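Reading through the structure tokens given below for one structure.
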Amino acid sequence: MIAKLTLPVFATLGLAGTAYAQTELSLWYHGAGSANAEEALVNELVEEFNASQSDWKVVIETFPQLAYNDAVGAAALAGELPDILDVDGPVMPNWAWAQYMQPLGIDEAKLEGYLPGPVGRWNGEVYSVGLWDAAVALTTRRSTLEKYGIRVPSLDAPWSLDEFNEALATIAASGDFEYPLDLGMAWKGEWYPYAFSPLLQSFGGDIVDRDGYQSAEDVLNGDAAIEFGEWWQGLFENGYVPGTSQDAADRETGLLDGKYAMSWNGNWAAVPVVEAFGDDALFLPAPDFGNGSTIGAASWQFGISATSEHPEGALAFIEFALQDKWFAAFSDGTGLIPVTASAAAETENYAPGGPLEVFYDLSKAQALVRPVTPGYIVQAKVFEKALADIANGADVADTLDAAVDEINEDISRNSGYGH
Amino acid sequence: MASKLTRSNRAGWLMALPGVGLIALFIILPFFLAFAFSLTNQRLASPNPTEYVGFENYRDLLGVSIFTLEPERDESGAVVRDEDGQIEYPRLRNFTRNNPDYPNLQGKREWFSWQSGENRTVVLASDVVFMKALINTFTFVLVVAPVQAGLALGLALLINQKLRAISLFRAIYFMPVVVSIVVVSLLFQFIYSPGDGLLNSILSGLTFGLFQPHDWLGSTSTALGSIMAMSIWQGVGFHMVIWLSGLQTISPTLYEAAEIEGSNKWQTFRYVTWPGLRNTAVLILIVITMQAFALFAQINVMTKGGPLDSTQVLVFQAVERGYGKQDISGGSTISVILFLIVLCISLLQRYLTRERN
Amino acid sequence: MAAVTEDNRGMRLATRYAVLVLVAVIFIFPLLFMAMSSLKPTQQLLSDTNSLRAFLPVGDLSLDNYSAAFDRAPIGVFVFNSVLVTGLTVVLTLFVCSLAAFAFVFLEWKGRDILFAILLATLIIPYETIFIPLLLMASQLPWIGFSGIEIGWLNTYRVQIIPFIADGLSIFLFVQYFKDLPRELIEASRVEGASWWLIYRRVVMPLSGPVIATAAILKFLFMYNQYLWPLMVVQAEEIRPVMVGLGYFTDQLNVPWGEVMAYLTIITIPVLAFYLSLQRVFIASVASTGVKG
């Protein structure tokens, strides 16, 4: 208790002593109210940075996550952006293109050995870097698979489409679970493109043609995409997965409660699973639907706003944050994936032999960033709606056609988004 | 004489000015800006210059075509039928996508269709989502406005009795009003939850298990209805209070007179109560209509327009496009169209209610 | 004979109360669910939703959710901000809008009718649809502060208040009510030489209890429930209102439903208190204006 009380006092004294020389830098952060280690760690990071040198003083303002992007958009419109921005990886190209952000100007040698996801590039320059990445896995129990005689897949030998379908059918037929698989349809928004577009990619389609990012024709509505769509719709028609009206509580506890046999979920939700199932917990790679097995990449990252008057100070802060020490601390606190192998070795969960080690390997082997284009913001929403509609029974080809039309229309209205 | 007494340009302007001025600055001016945006390709975030595009945004929203699909025929010219005996048609996408013979159908989608003989007549729209939002908004208003006003009147009559503890009941009926609609939407997600949600549990309990659990917000047939029911539940108490204040301005002597005349309850309501409520009725109808057209929070929290666009509404679409998809011009265009629609309706409402006076 | 009538009356009274109670149940049960859930751990709260237990104070009850909620977010700050912003706006609205309505109803002046028609049209514009142009304006508006003229209203209390003081609906409410007031009263005062200001203050407003209460409640609810606008114009946590604060609880990966219910219960209290305090004024004034019919 005493330690708790004295620490802030020292911190305040320390700040008061150096404040006269320090230039203030504002930092916006998306995790207000997270009440877990993340918020505390960000504050600790800021405090340590402020104490570590005498030129800059970072002042943090936190926002609730779902409100964050709107708040930044509004602030940009009004010319009130902070110096340092926290940005979700796939959104970064939009903010860079719209001139909310400027290139970091960081020495790229410093980013060597990083996982691919946490380094945000646009137009050949690094605009943002993250302290962690996230990965998605098919979460289940070894005992469940063994009970139904299903092979346990590996990174080198993931399930094929047929194997996966058969596994679902077998578990469904047993009647032991409400649903064999939980896709997390309750999580609206970014979860859909993040978690589901890799499945489409594995079928051979994509949200947009990555060659120049000028059209989605034949990519989002080609044969591969239609095949994906039919399969996707089948999951819901066959009653293999809960639909778009799944409630958030079931999403959170369904696997643990035994409602679902498998859950397509992120590493951030893995710790409770390990706690509940221990060695029985399994984190499996995505099935290979024909075009390799992939998962999404890139989480929240730090960048510098275009209007910052002190980009060198902002960069100093970001470079200060890019230490294995912080990667490991955030990973231990939040269950997220550290961005370097050396940091991973220092963590509880991702060290060799650690319970979540598999996620580091997944992230390294399979991670594919979402389309790197300013149009992603619209494309993600169009994709989300198309998937929700198909899940609810809409005609697959017509829905994907409409999605392609909307994406292409948007690209042309934005004069190609600067590609 | 009266006019001389009440005529005062200076005092009139002076007293109206603060209110009128603030409205001009903070509502009318931004609205004109929104109208200006609707004639451009303005984006929320873009380095590209804003360009004047005329009424293109309006055409993109409102474009409608009618198209007749002829059945597939085999070589002998006979109509092709599938296994169930249904007539087979060529896919619409053959006509609407990059078909140089049908430039007017380019990019349009099926909105609805009907059978006419062997042919199928299809109505295509440039923006089916917008059209559905338009229809859903009207449905919502047409159901909610009368039902909510009627229920509110019923409650007001119920509560306008001289009984012990009546003010407790009045407070309870009003309670949902004080709870934010966002909060209410969150709570009702639990209530409407599929499977063993609250409503399903209650209904199944009341029917001794006969009731089969229903996915209230997840099925296209009940999603909008569920949201209507919730909205009425939340808002009815407020209008009850307005009715109540109207009821209490009716002179008790009129009721006494009616009683002496020996009129029954219905006659009393018809000839004493209702005429006394005319101004209140106009007010309530207008307020409910406005609130119903502005439907947004419930959709945003509960369904985001789904499933299959069955709960898309105009304001939600305006916000979704303007903020979510960074398309200020598209969002503004919807706002302007909404404004024009409601303007027409309120002019009509005023005309109708004025005539009766 | 008399006994039978007594019985009848008793029966009828019982039926009346039965109807009242039944209706009350319909209105109260989601709120009961909210309040009861705020006392339960999240796990139990969720599993209780499949039975009547959801409405009952059963199981593992505690105020833990409340203390956890206060730890998670500066709830006191949010509530203070919302009450301050809402309260100020309501007071200013009542004054500005009743004054304008007074001018529209009782005075004749050039441009009155056309202005009123325009005003009615603004009633239709949902705020959500004009927020972006409004934001652009607000970021450029001048303000006279302690250090002279400053540009930009963002990140202040005033940007949450001033744009919402005047609105068509509030004016319309007052207009509809004023129309029903006996005009002779006003004309008589006028003949006696009273100024318009005096008539507004001493004659009209004291008779306007019900409409004041109605307009105040409507405005209070609108302001207290604002979300999109403060989200866009307020960045500092110190001046953030309650609805934006809700995101501290709901925007989490594992939503702490128990705390959500606690927060919802807390933020509902000020509104409820406002209504209950107004209810007395409201009823009293309704009774006192009974003469006017």
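The values are calculated or read from the model by the stated rules, or taken from the named source; none is laboratory data. Quantities reported herein were computed from a predicted structural model and do not represent experimental measurements. Backbone-built Cβ (ideal geometry, glycine too); neighbour counts: all protein chains shown.
For the range C:85-94, indicate whether the set of residues that are in a loop (DSSP other than H, G, I, E, B) and within 26 Å of the chain's Cα centre (by Cα) is non-empty. Checked the range C:85-94: no residue is in a loop (DSSP other than H, G, I, E, B) and within 26 Å of the chain's Cα centre (by Cα). Taking the conditions (1) at pLDDT below 85; (2) crowded, with 20+ Cβ neighbours inside 10 Å; (3) more than 30 Å from A:ALA71 (Cα to Cα) in turn, C:ILE124 satisfies each one other than (3).
Consider C:PHE27 carefully, then state whether it is assigned to a helix (DSSP H, G or I) and in contact with a Lys or Arg (Cβ under 7 Å, 6 or more places away or on another chain). The answer is no for C:PHE27.
Meeting the requirement of 3 or more residues that are crowded, with 18+ Cβ neighbours inside 10 Å and touching an Asp or Glu at 6+ places or on another chain (Cβ under 7 Å), the strands (runs of 3 or more DSSP E) wholly within the range A:265-319 are A:300-305. State whether the residues of the range C:52-65 include one that is facing another protein chain (nearest Cβ under 8 Å) and modelled with pLDDT under 90. Yes, that holds for at least one residue.
Checking each residue in the range C:254-270 for being out of contact with any Asp or Glu (no Cβ under 8 Å at 6 or more places or on another chain) and hydrophobic (A, V, I, L, M, F, W, C) picks out C:TRP257, C:VAL260, C:MET261, C:ALA262, C:LEU264, C:ILE266, C:ILE267, C:ILE269. When A:ASP361, A:ASP401, A:ASP389 are checked against the criterion of being modelled with pLDDT under 95, within 14 Å of chain B (Cβ to nearest Cβ) and assigned to a helix (DSSP H, G or I), a single residue qualifies: A:ASP401.
Residue-level analysis places B:LEU198 among those that are at pLDDT below 90 and either surrounded by 18 or more Cβ atoms within 10 Å (Cβ to Cβ) or under 27 Å from A:ASP250 (Cα atoms) (or both). Cβ separations smaller than 9 Å between residues 6+ apart or across chains give no pair from the range B:50-74 residues that are closer than 14 Å to A:ARG413 by Cβ to residues that are of a type in the set (A, V, I, L, M, F, W, C) and at pLDDT below 90. What about A:TRP187, is it under 17 Å from A:ARG370 (Cβ atoms) and free of Cβ contacts under 8 Å to residues at least 60 places away in the same chain? No.
Taking (1) touching a strand residue (DSSP E or B) at 6+ places or on another chain (Cβ under 8 Å); (2) over 30 Å from B:TYR323 (Cβ atoms); (3) basic (Lys, Arg) in turn, A:LYS110 satisfies each apart from (1). Per the listing A:THR334, A:THR399, the residue uniquely closer than 20 Å to B:GLN312 by Cβ, polar (S, T, N, Q) and in contact (Cβ under 8 Å) with a residue 60 or more places away in the chain is A:THR399. Counting only helices (runs of 4 or more DSSP H) that fall entirely inside the range B:238-355 and contain at least 3 residues that are within 11 Å of another protein chain (Cβ to nearest Cβ) and farther than 30 Å from A:GLU190 by Cβ, the qualifying elements are B:252-261, B:278-293.
Of the residues making up the range B:116-170, those that are part of a loop (DSSP other than H, G, I, E, B) and of a type outside the set (A, V, I, L, M, F, W, C) number 8.
Per-residue answers, yes or no, for (1) more than 14 Å from chain C (Cβ to nearest Cβ); (2) surrounded by 19 or more Cβ atoms within 10 Å (Cβ to Cβ); (3) over 19 Å from B:LEU224 (Cβ atoms); (4) among the charged types (D, E, K, R):
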site: B:VAL123; (1), (2), (3), (4): yes, no, yes, no
site: B:ALA133; (1), (2), (3), (4): no, yes, no, no
site: B:GLY154; (1), (2), (3), (4): no, no, yes, no
site: B:ARG164; (1), (2), (3), (4): no, no, yes, yes
site: B:LEU168; (1), (2), (3), (4): no, no, yes, no
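The lone criterion from (1) crowded, with 17+ Cβ neighbours inside 10 Å; (2) in contact with a strand residue (DSSP E or B) (Cβ under 7 Å, 6 or more places away or on another chain); (3) at pLDDT below 95; (4) not aromatic (Phe, Trp, Tyr) left unmet by A:MET185 is number (2). Under the condition of being part of a helix (DSSP H, G or I), more than 9 Å from chain B (Cβ to nearest Cβ) and over 21 Å from B:LEU168 (Cα atoms), the residues counted in the range C:30-44 number 3. Just wondering, is there one or more residues in the range A:372-383 that are away from every other protein chain (no Cβ under 14 Å) and surrounded by fewer than 23 Cβ atoms within 10 Å (Cβ to Cβ)? Yes, the range A:372-383 contains a residue that is away from every other protein chain (no Cβ under 14 Å) and surrounded by fewer than 23 Cβ atoms within 10 Å (Cβ to Cβ). If you check C:GLY76, C:GLY87 for being exposed (fewer than 14 other Cβ atoms within 10 Å of the Cβ), more than 14 Å from chain B (Cβ to nearest Cβ), at pLDDT 85 or above and on the phi < 0 side of the Ramachandran plot, only one passes: C:GLY76. Only one of the numbered conditions (1) closer than 30 Å to B:SER204 by Cα; (2) surrounded by fewer than 21 Cβ atoms within 10 Å (Cβ to Cβ); (3) among the hydrophobic types (A, V, I, L, M, F, W, C) is not met by C:ALA54, and that is (2). Please determine whether any residue of the range C:264-275 is facing chain A (nearest Cβ under 10 Å) and either at pLDDT 85 or above or out of contact with any strand residue (DSSP E or B) (no Cβ under 7 Å at 6 or more places or on another chain) (or both). No; the residues of the range C:264-275 include none that is facing chain A (nearest Cβ under 10 Å) and either at pLDDT 85 or above or out of contact with any strand residue (DSSP E or B) (no Cβ under 7 Å at 6 or more places or on another chain) (or both).
Screening A:ASN408 with (1) outside any loop (DSSP other than H, G, I, E, B); (2) modelled with pLDDT of 90 or more; (3) out of contact with any Ser or Thr (no Cβ under 7 Å at 6 or more places or on another chain) gives one miss only, at (3). The residue that is farthest from B:VAL241 (Cα to Cα), among those in the range C:215-228 that are part of a helix (DSSP H, G or I), without any contact (Cβ under 8 Å) to a residue 60 or more places away in the chain and at the interface with chain B (Cβ under 8 Å from one of its Cβ atoms), is C:LEU221.
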